[in-house]
Amino acid sequence: MRNVKEIMSTTELLRAWADDLAAWRIPESILSSTVESPWVLPEEVFARRADRYLAEPGGPSYECALEALGHGGSVLDLGAGGGAASLPLASRITTLTAVDSHQPLLDDLVRRATPLGLSPMVICGTWPEAAAKAPKADVVLCHHVIYNVADLEPFIAALTRHARRRVVVEITVRHPLADLNPYWKQFHGLDRPEGPTAEQLIEILGALGLHVKAEHWTRPAMAEYGSFATLVDVTRRRLCLPPERRGDVATALLNAGVAEDCPPDLGSSGRELVTLWWPGEA
C-alpha cells in the first residue's frame, strides 16, 4: 500500500491531468456564435485508417499486442472505432469485443470483421461505465482514447482488471488538438493549451503502481481525408468558423504547408506516438 506522501503525489498528478484537459474547453463567447458543432467525429478518418492498417499491418502497438496474443487469444478493443487497432490482429484473435460510444463506427467494424472470420461482440458506450458489460480478455487495446478521459484512475483500473495478459495503449505525444493551436491564434486571437502529454500519462501510470513500458515512434504520413476540401470543412467547423470562411481556412492550411494531396486530420494531431503496455490483473 502506498504511503500518504505517494498518495498525495498521485492525486496531484491526476488533478493536473484533469485541469489540463479542462483548459481545452472552447470559450462560451466563441461557442455561442456558431450553429455547427465543433466536436466533429470524422468517421472517414477512422475508416481510412482501419483500411490502411488492415492492408499494411505493423508498428509497435501491433507488434506489442501480437506478442501478447502468442498463438491466439481474446481481445477487448476499447474506443474501437473502425477496428484499426484490433482487426489487423484477426489471425490471432479467438474472440473480439469492441467498445465505442458511436454505433455507426461499431457497425463499420463489424462489416470489416466478417470477411476476416470474426463475429465481434459490440458494446455501444463509454468506459469505464461499459466495463460491467464487457468480458475479460487476454489483451486489452486502447488506442487514442485517453486524452478524452478526465478521471483517469477508474478508467485505467478498469482496463487493467479486464486484461489477463497485457494492456496496450497508443497515444499521441501531444494532445490530439494541439496542431490546431496556430489556427485558433490566427482566427480568434486565442492561445490554446499544450498539455496534457504522453509523458504525464507515463508518470501517472507509474504513480498508480503499474509496471509500464513505453516505445516512442513515428507513424508514416497518410491521406486521412479523401480530399483537401473535406479537411478544410472539418477544420473550419472545429475552429467554430462559418461556411463563408472556407477560403480563409484553406489559405491558412496551405500557408502552413499542409499538402493538398495528403490531407491529414488535424484533430488527431501528429505522427509522433507512444505505445504503452503493462501486465493485466484479470
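Here are the numbers for the structure shown:
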{"quantity": "Members of segment 130-165 that are open to solvent by 40 Å² or more (accessible area, probe 1.4 Å) and within 17 Å of the chain's Cα centre (by Cα)", "calculated": "144, 148, 150, 151"}
{"quantity": "Matching residues in segment 148-165 - criterion: being assigned to a helix (DSSP H, G or I), out of contact with any Pro (no Cβ under 7 Å at 6 or more places or on another chain) and not charged (D, E, K, R)", "calculated": "148, 152, 156, 157, 159, 160, 162"}
{"quantity": "Filter pass, residue 97 being assigned to a strand (DSSP E or B), of a type in the set (S, T, N, Q) and closer than 19 Å to residue 75 by Cβ", "calculated": "yes"}
{"quantity": "Those residues of segment 195-204 which are touching a helix residue (DSSP H, G or I) at 6+ places or on another chain (Cβ under 6 Å) and assigned to a loop (DSSP other than H, G, I, E, B), in sequence order", "calculated": "195, 196"}
{"quantity": "Any hit, segment 21-30, residues being open to solvent by less than 60 Å² (accessible area, probe 1.4 Å), within 26 Å of residue 108 (Cα to Cα) and within 20 Å of the chain's Cα centre (by Cα)", "calculated": "no"}
{"quantity": "Residue tally, condition in a strand (DSSP E or B) and either open to solvent by 10 Å² or more (accessible area, probe 1.4 Å) or not polar (S, T, N, Q) (or both), over segment 166-183", "calculated": "6"}
{"quantity": "Options 91, 37; residue that is in a helix (DSSP H, G or I) and of a type in the set (Ser, Thr, Tyr)", "calculated": "91"}
{"quantity": "Members of segment 201-249 that are in contact (Cβ under 8 Å) with a residue 60 or more places away in the chain, touching a strand residue (DSSP E or B) at 6+ places or on another chain (Cβ under 9 Å) and open to solvent by 60 Å² or more (accessible area, probe 1.4 Å)", "calculated": "211, 213, 215"}
{"quantity": "Of all residues in segment 100-129 being of a type in the set (Asp, Glu) and in a helix (DSSP H, G or I), the one that is least open to solvent (accessible area, probe 1.4 Å)", "calculated": "108"}
{"quantity": "Residue within segment 211-224 that is modelled with pLDDT under 95 and under 28 Å from residue 35 (Cα atoms) present", "calculated": "yes"}
{"quantity": "Answer residue from segment 34-84, given it is open to solvent by 30 Å² or more (accessible area, probe 1.4 Å), among the hydrophobic types (A, V, I, L, M, F, W, C) and under 22 Å from residue 262 (Cα atoms) and is modelled with the lowest pLDDT among those", "calculated": "41"}
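The values are calculated or read from the model by the stated rules, or taken from the named source; none is laboratory data. Worth saying up front: this structure is predicted, and the values here are computed from it rather than measured. A quick note on method: Cβ atoms are made from the backbone with ideal geometry, for glycine too, and the neighbour counts reach across all protein chains shown. Surface accessibility is based on the protein's heavy atoms, side chains included, excluding ligands, DNA and RNA. Shrake-Rupley method; radii C 1.70, N 1.55, O 1.52, S 1.80 Å.
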